[in-house]
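To keep things clear, I will list the structure first and then write my remarks on it.
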Amino acid sequence: MKASVIRSFGGTEVFGFTDVETPQPRSNEVLVKVLACGINHYDIFCRRGEANPRLHLPHVMGADVVGEIVQIGNEVTDRRVGQRVIVAPGFPIDFKEHGVEPINLTRTYSVLGGAIWGGYAQYLTAPAIYTYTALPNLPDNELATLPLVVTTAVHAVKTLAQVSREQKILIQAGASGSGAMCLQVARLLGANVAVTVGSDEKNDYVRELGAELVINYRRENVFEMLRDWTHGAGVDAVIDNVGGSVFADNIRSLKRDGHFVNFGMVGGRTAELVFPLIFYKQVHFHGSMMGTTVELLWGLEQVRLGRLRPLLDRTFPLREAARAHEYIEQRRVRGKVVLLPWAD
Ligand SMILES: NC(=O)c1ccc[n+]([C@@H]2O[C@H](COP(=O)([O-])OP(=O)(O)OC[C@H]3O[C@@H](n4cnc5c(N)ncnc54)[C@H](OP(=O)(O)O)[C@@H]3O)[C@@H](O)[C@H]2O)c1
């Protein structure tokens, strides 16, 4: 099969579109013909060697897989050849933990394409129990935008921040793949949402998704704008995928008893913690990593009901994975970018 493989860590030059052996399913697995695979920023950290420096190379990334089952392992009874499925964007690697929930708290939980080979290929194997019937009415490229960010957004916004009607919340990087889905989930739950963007060209995009306040952090003061928007009270929750560069503003902008949820670090891995700010405000701190199976399925059900929608920015043929990564690294993405393994 063809795959976009990384042979070393580094810039986009480390990609090679090449022939590799097609994997064979073990007894509890299925072989999936990959029809579309979404890209996440995690893949960029992975390619650079920042996600897991001990990753065995060569490696095939890719967490958001939509495909068709073409072969089933001899112990699999409840999946069939020809079934169109999505693959869970993360699951425990050790089969002894298969079926354990919350899945994202299992010891060997791993993002698909993080430790084991993922969907930047024409085929992949996956444990059958972590494949789910694909929503019939959505094309492959749109479906492949969903699994990872839906899981993440439902876990961060609904479960951890407990966002509810009439609340005012801040979502960092509102046009990013994960931020835009968090924005949709927050609106679905009835919250009023402020988002940050790094360029005015993203304004219409986030407004159309329901953002009430859009802050261009390059030329506007995030803290002051949130203070005015909340009439001095501060926001009920901050959903943060940026990390270090915005941490101070995030904490300053929260109201007392507010929720701070972090799941990302595009703006830096570390920040200074000022303890009095934390305890006077009685901030609830949450580290958020992906989500549970129930959260993924709840999110997909909202998509089926038309309450959340896939946010496809553009597709690239798999052979152009390097160009697709560059597009994301140039911060041009709005929503999600998807790779098509069978396109020229
Ligand atoms: N833990 C989890 O479960 C989980 C799940 C999903 C994502 N994540 C993490 O969340 C973060 C975002 O992921 P994503 O896939 O949503 O990203 P993405 O779609 O590539 O979007 C990232 C956006 O972040 C903004 N940004 C702000 N400061 C930045 C900086 N210093 N460098 C680069 N971009 C910056 C940029 O938009 P502007 O130019 O408009 O600011 C950029 O387009 C990553 O750290 C990712 O690993 C974690």
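Yes/no matrix, rows are residues, columns are (1) surrounded by 24 or more Cβ atoms within 10 Å (Cβ to Cβ); (2) in contact with a Phe, Trp or Tyr (Cβ under 7 Å, 6 or more places away or on another chain):
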{"position": "A134", "(1), (2)": "no, no"}
{"position": "V149", "(1), (2)": "yes, no"}
{"position": "T152", "(1), (2)": "yes, yes"}
{"position": "L170", "(1), (2)": "yes, no"}
{"position": "C182", "(1), (2)": "yes, no"}
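Checking each residue in the stretch 224-236 for being over 27 Å from the mean Cα position of the chain (by Cα) and either surrounded by fewer than 16 Cβ atoms within 10 Å (Cβ to Cβ) or in a helix (DSSP H, G or I) (or both) picks out E224, M225, R227, D228, W229, H231, G232, A233. Among the residues of the stretch 237-281, just one is among the small types (G, A, S), in contact (Cβ under 8 Å) with a residue 60 or more places away in the chain and assigned to a helix (DSSP H, G or I), namely S253.
For (1) among the β-branched types (V, I, T); (2) away from the ligand (no atom under 16 Å from the Cβ); (3) closer than 24 Å to E142 by Cβ, each residue gets a yes or a no:
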| residue | (1), (2), (3) |
| --- | --- |
| K2 | no, yes, yes |
| V5 | yes, yes, no |
| T12 | yes, no, no |
| Q24 | no, yes, no |
| N40 | no, no, yes |
| I44 | yes, no, yes |
| R48 | no, no, no |
| V76 | yes, yes, no |
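For every residue, the table says whether it meets (1) more than 16 Å from the ligand (Cβ to nearest atom); (2) out of contact with any Pro (no Cβ under 9 Å at 6 or more places or on another chain).
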site	(1), (2)
I239	no, yes
I278	yes, yes
M289	no, yes
V303	yes, no
R307	yes, yes
D313	no, yes
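Residues in the stretch 37-59 that are in a loop (DSSP other than H, G, I, E, B) and not acidic (D, E): I39, N40, G49, A51, N52, P53, R54, L55, H56, L57, P58.
Among the listed residues G10, G62, which satisfies the condition of being outside any strand (DSSP E or B), of a type outside the set (K, R) and under 13 Å from L318 (Cβ atoms)?
G62
Bear in mind that the values in this text are calculations on the coordinates, not laboratory data. Just so you know, these numbers come straight off a predicted model, no measurement behind them. As a convention, Cβ positions derive from the backbone with ideal geometry for all residues, glycine included, and neighbour counts pool all protein chains shown.
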